[in-house]
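Working notes, structure below.
The values are calculated or read from the model by the stated rules, or taken from the named source; none is laboratory data. On a predicted model such as this, the values are computed, not experimentally measured, just so you know. Note that we place each Cβ from the backbone using ideal geometry, even for glycine, and neighbour counts take in every protein chain shown. What goes into the accessible areas is simple: the full protein's heavy atoms, side chains included, and nothing from ligands, DNA or RNA. Shrake-Rupley method; radii C 1.70, N 1.55, O 1.52, S 1.80 Å.
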Amino acid sequence: MRMWKVCGWCLLLLAAGPALASADDARQWLQKMSHAVETLNYEGTFVYLHAGHMDAMHIIHRYGPDGEQERLVSLTGAAREVIRNNRTVTCVLPDSKSVVVNKSLPRTPFPGVLPDNLERLTRNYSFQALGSDRMTGMAARVIAIKPKDRFRYGHRLWLAKDNDLLLKSDLTDQHGVPVEQVMFTHLTVKDHIPESVFKPKLKGKDFTWYRSTGAKVPSASEDTVQWQVADLPSGFRLVHHSRHRLPSGENLVDHMVYSDGLATVSVYIEKPDADDRGRLQGVSSMGALNAYGGMVDGYRVTVVGEVPEATVKMIGQSVRRAH
Amino acid sequence: MTDRLKEQISAMVDDELPVAEQELLVARMARDPELRACWGRYTLISDALRQHLPDRPSQALAERVMAAVVDEPALAPVRRAPVWLKSVASLAVAASVAVVAVIAVQTVNQTTPSIPDSAMTQGPAYATRSAQPVDTEWKLPARGTATPLDDYLVNHNEYAASNGVQGMLPYVRIVGYHNSP
């Protein structure tokens, strides 16, 4: 009888061991992925599925002495493209005949490296290695990041075993149902990618250019209104606050960025234009991205983030003037 | 072959031949290759009318089944296992069930999250999302202006992009949003 008990414990241990190791493995692979995606030279084609739409895109990425360079081009519909380097992000939008230029920000590695962040992450998400699969013709590991409440999305990621690059990415709701999916059909790592491929292909000269001004941190001495968000979902905290002009706007915008370590939410507060028509009122969605627009004390509040509707709404409706 | 026989075959293909006649007809078909060919043609026609056909209908199926049956070696007589072997076998089965149970628990843990994935490819998840009223979705910017929405998107995505797990793909939304008509 005692023999059976020992066997039973052995079986339990066998079953529980992998689950504990799984979360650590998953986080380690995510760190490797984050590093590979930043430092490798690669070129690939992927499909993007969101809210019943499907698009194909091409990505080229290289890493050199000047840091990262990346170009993303739509292969379907309007030939929108985004070119990013360590100084600027240029978005070419042929459908609106405009080019939007923003300053780029340095990337931070997967947040798990910092123990402080890791603790915050594990409070709101669970990590799990789901085993092996085949994706884009390559052997892949599958990792799930599951949200612990309804205020953030989950991720299911397929990472190449060879080079740790991301091959497929599902953004899932609380029940594991995909909201947005990206899947590479082709991805190659290259030794060298020439500089020339990172030049935008602008056809026609009738494009309007919009450039953002540099952001600056607002000082308390400035004669401006201070803002705060009264209700933040668990784990979210202010990671950035600046005041800047958006590329096509006239007004200074207060920009606050909240993050739970994975999901990011931006809150923009500005004085409304004389012509405030066509502005976002209420909740609006675009695949996994949700936005909320409303007015607070005569100021326009816009909340944008790759979080569920409940989150942008909760944040947007609890913006208050700080006293 | 008489017309009466053809009618019988046709009736059997349509499953309208009385059972008593079926037995007789099958016995005749077993002897007569012409009747089998006729059965094959009628079945083909029936399937074509009901659109049950594969891309390349296989011909003379009845003939090939017949040939295969003829070539089939007679069944070997079943040997009874000795009693001691039986008990070893059942023990082995019990053991492998236990192993399967452990593996099953682990694989269930591992594969459960992918179930919604397959459900999604069949459409319901997206169907419910795309069934949302269209006016909650962001509109394309008017020609000649970049809307503030583009501004917000580009600006916000730079912050989202600086966050590791999004990887290389934060700008996918800008490039992809409402690209499809």
Residue list for region A:47-78, filter: more than 9 Å from every other protein chain (Cβ to nearest Cβ), surrounded by fewer than 17 Cβ atoms within 10 Å (Cβ to Cβ), assigned to a strand (DSSP E or B) and of a type outside the set (Gly, Ala, Ser): A:His58, A:Tyr63
Test: residue in region A:187-194 that is under 22 Å from the mean Cα position of the chain (by Cα), facing chain B (nearest Cβ under 10 Å), assigned to a strand (DSSP E or B) and in contact (Cβ under 8 Å) with a residue 60 or more places away in the chain: no
Failed item, numbered, when A:Val142 is tested on (1) farther than 16 Å from A:Gln28 by Cβ; (2) modelled with pLDDT of 90 or more: (1)
Failed criterion for A:Val312 (all others in (1) open to solvent by 10 Å² or more (accessible area, probe 1.4 Å); (2) within 13 Å of chain B (Cβ to nearest Cβ) hold): (1)
Filter pass, A:Val283 being within 8 Å of another protein chain (Cβ to nearest Cβ) and either assigned to a loop (DSSP other than H, G, I, E, B) or at pLDDT 90 or above (or both): no
Answer residue from region A:19-46, given it is in a helix (DSSP H, G or I), of a type in the set (A, V, I, L, M, F, W, C) and facing another protein chain (nearest Cβ under 10 Å) and is surrounded by the fewest Cβ atoms within 10 Å (Cβ to Cβ) among those: A:Ala19
Subset of region A:143-172 [closer than 19 Å to A:Glu309 by Cβ and in a loop (DSSP other than H, G, I, E, B)]: A:Lys148, A:Asp149, A:Arg150, A:Phe151, A:Arg152, A:Tyr153
Region A:79-124 - residue that is among the small types (Gly, Ala, Ser) and surrounded by 18 or more Cβ atoms within 10 Å (Cβ to Cβ) and, of those, modelled with the lowest pLDDT: A:Gly112
